[in-house]
1. Return only the number of the condition from (1) among the aromatic types (Phe, Trp, Tyr); (2) in contact with a Lys or Arg (Cβ under 7 Å, 6 or more places away or on another chain); (3) in a loop (DSSP other than H, G, I, E, B) that Tyr159 does not satisfy.
2. If I ask for residues that are among the polar types (S, T, N, Q) and open to solvent by 10 Å² or more (accessible area, probe 1.4 Å), which ones from region 139-163 would you list?
3. For region 208-294, please list each of the helices (runs of 4 or more DSSP H) lying entirely inside it that holds at least 2 residues being at pLDDT 95 or above and over 29 Å from Ala365 (Cα atoms).
4. Regarding Thr509, is this residue of a type in the set (S, T, N, Q) and under 18 Å from Val482 (Cα atoms)?
5. Given (1) open to solvent by 30 Å² or more (accessible area, probe 1.4 Å); (2) in contact with a helix residue (DSSP H, G or I) (Cβ under 6 Å, 6 or more places away or on another chain), where does Ile221 come up short, assuming only one miss?
6. Looking only at region 508-522, which residues are open to solvent by less than 50 Å² (accessible area, probe 1.4 Å) and within 17 Å of Leu546 (Cα to Cα)?
7. Would you call Asp250 in contact (Cβ under 8 Å) with a residue 12 or more places away in the chain, among the acidic types (Asp, Glu) and surrounded by fewer than 21 Cβ atoms within 10 Å (Cβ to Cβ)?
Amino acid sequence: MTINQGADHLRAPFASRSTAQLLSLLIVAVFAAGALVALWLPVRLPLGAFYWDVAVYLDAFQRIGMGQAPAIDFFAPVGPLSYYSGALLHHVFPNAQPMLVVNWAILPIVLPLAVVILVQHEVRPYSLALLLPFLIFAALPINLSIFYPAPGFDGFGNYNRHASLLLYWMIVTLLFVQPSKTRTILIAAFMLALFLTKITGAVAGAIIVGYACLSGRLRLIEASTAAVACILALVLLDWPTGLVRAYLGDILTLLGLNTETLLPRLLTVASAKFGVVLPASALVALLLWIDLREGKGSLLERMRRMLAGPAGWLAVTLFALALFETQNTGSLEFIGLWPVLLLVLTQWRLRSDRIKPAVLALTLAVALPSLMLCIERGGRALAGAAGDVVALPAPELGPLARVTVKRGLAERAAFMLDLYPKHAETFRALADKELEPSAILYAEIDYQATWLLEVRQGLLALRSWEAREQRRLNGVFTLDFVDPFNALLDRDPPRNVPIGIVPGRNLPTLTERTLASLADTDAILSPKCPQTPARVALARHYAAALADRRHVALSACWDMYLKVR
C-alpha cells in the first residue's frame, strides 16, 4: 500500500471529525498563551545537566544586542536562526528564565508553519495525532537521553531539539499535505530554517526531500522550485550582510576541526538509542517482507510500491535522522519517525491480517518509549521542584540563577567552591593529565550549581574591583566554555572569538584579527574552581593574548589579566 492509498484509506472514517481541526488550533493557541505567560512570570526551574549551555545563548543575545552578527563577528557552533529568534524573545521578556527562552526560541518559526499545515483540508483527520506529540516534546527543556540520574531540566541540546522539531513538521508536510503551492512554500521554508539552524539538520532534510522525489511523493518541479526559493532567500539574506558566506566558512572550519569518521558515530547513535533503532529496524524488515509477499506484478513494480510505501519511508527517515544524531549531544532523537508511524497505524488499523498484531506492536514499541521518557523526565523534574529544594543563593545573576536545587546538592556546591582553591594543586595535576575532577563533571547538577556560585563570586569581585579602582571595564573575555559576564555587566564582548568553546571541536587557530580584538578588551578572566583540561587548554591557546597584561588575583576562584593603560 502506498502513502497516497493510506491517506485515502483513513479519510473516509474520519472525514466527519471536522472539529478535530478546530480543536487542534485551539490547543495551539492555548499552548502559545501558556508559553507567553511562563516567559512573563519569574519562573524558577529545577537545575539540570549542562545548565551552563543556556549561558552560551545569553552571550549570543548580548552580542546581537551590541550589533554583532553570528559567523561574522563571532564564531558560533551552529546557525544564526535560533540566536536571533531567541534574542527577540529575550528582548521582549528580559526577566524570563533562560532555559525557557532558549528552549522555545524556535517556536516563533515552527508554530506558524505548523498552523499552516493543520489548516490544510487533507490534514484534518490527522491533526490531533500529529500536534499532540509535537507539543509534548516541545513543551519543556527535556532531552530523550539521560546524562545524570537526578531529576532536572536540561540546559543543553537546544539547537538539536530545534532542528528535530523542524524536521518533524517537514516530514509531516511531505507525507500529509497534498501537492500545491502551499506545500512547495512549506518545504522551502523548512529547508531554509533547517539550514540556518543546524547544517546537519538541513542535510537530513535534503535526504528526506530527495527520497520524496524518488518515491513519487514529491514531483521534481516542486522540489526544484522549493530549492530555488530557498537558495534565493539565502542570496537575498547574504547580499547586504555576508551572513551566509560567513556561516558557510564556519561550517568548513568546523568540518576541519571534527575529523571523526561517520561509522563510529552511527554505531554510537544506534547503541545510545537501541530501544528505538532495534524495533524500528525490525518494523522496516517486517513491512518489506509483507510487501514482497503480497506484491503483484514485476519486481520493478513491487520495488516502486515499496519505495512509495511506509517501509521505504520508515527506512530512509530512520537513516536520515540517525545521520543527523551523529553530530548531537542531547536531542529529541527520532521524533521525526512519528508521522511515518502514524501512517503505519492508519493503514493497519482496519486490516484483519494475522500479522497485524506484530506490526502494531512494533509500531508502538518505536513510538511509546520516547513519549513516555519525555513525560517521565518532565514529570520528575516538576515533582522534584516541590520537594526538599532550595533556591540557589545568587540573586546577583538575575534570571540565570533562577533555579532550584536539592538541599544536599546545594550544600555540596557551596562546599566544593570553598574546597577547590584550597586544593588547587591537586585539581591542576588532574587537568595537566587531561583528567576531569569527575568523569561526568559537567552533567552533575551540583557542579552546575558550583559554576553558578563561581560566576557570582567573579561578578561580585569584578564590581568590587571597578568600584575600588574607579575604572569601568569595556568588556571581558573568559577562558572557559561559556562567558556570561558581558551579559551580566552589559558590556561589549570581544569580536572574532568563538562562543561555547570546546577545545578540539570549535576552537579555530588563533588569528591576528582575534588577537587584535582581544587586545582592545580590558579584561581576560581565568576561572580556577576547579582547573579542568578545557580551562588549561584555553589558557595555553590564548597565551599570546595574555602577554603584556597585568595579572590581578581577583578572588579565590578568579584571576584577571588586565589591559595596561
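The values are calculated or read from the model by the stated rules, or taken from the named source; none is laboratory data. Just so we're clear, the structure is a prediction, and the values are computed from it rather than from any experiment. FYI the Cβ positions are ideal-geometry reconstructions off the backbone, even for glycines, and counts take in every protein chain you see. Surface areas here come from the heavy atoms of the whole protein model, side chains and all, with no ligands, DNA or RNA. Shrake-Rupley method; radii C 1.70, N 1.55, O 1.52, S 1.80 Å.
1. (3)
2. The one that is among the polar types (S, T, N, Q) and open to solvent by 10 Å² or more (accessible area, probe 1.4 Å): Ser145.
3. The qualifying helices (runs of 4 or more DSSP H) are 220-241, 243-257.
4. Criteria not met by Thr509.
5. Here Ile221 meets the rest and fails (2).
6. Those that are open to solvent by less than 50 Å² (accessible area, probe 1.4 Å) and within 17 Å of Leu546 (Cα to Cα): Leu510, Thr514, Leu515, Ser517, Leu518, Thr521, Asp522.
7. No.
Okay, residues lined up against (1) without any contact (Cβ under 8 Å) to a residue 12 or more places away in the chain; (2) of a type in the set (Val, Ile, Thr); (3) touching a His at 6+ places or on another chain (Cβ under 8 Å):
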| position | (1), (2), (3) |
| --- | --- |
| Ala467 | yes, no, no |
| Arg472 | yes, no, no |
| Asp480 | no, no, no |
| Leu510 | no, no, yes |
| Gln531 | no, no, no |
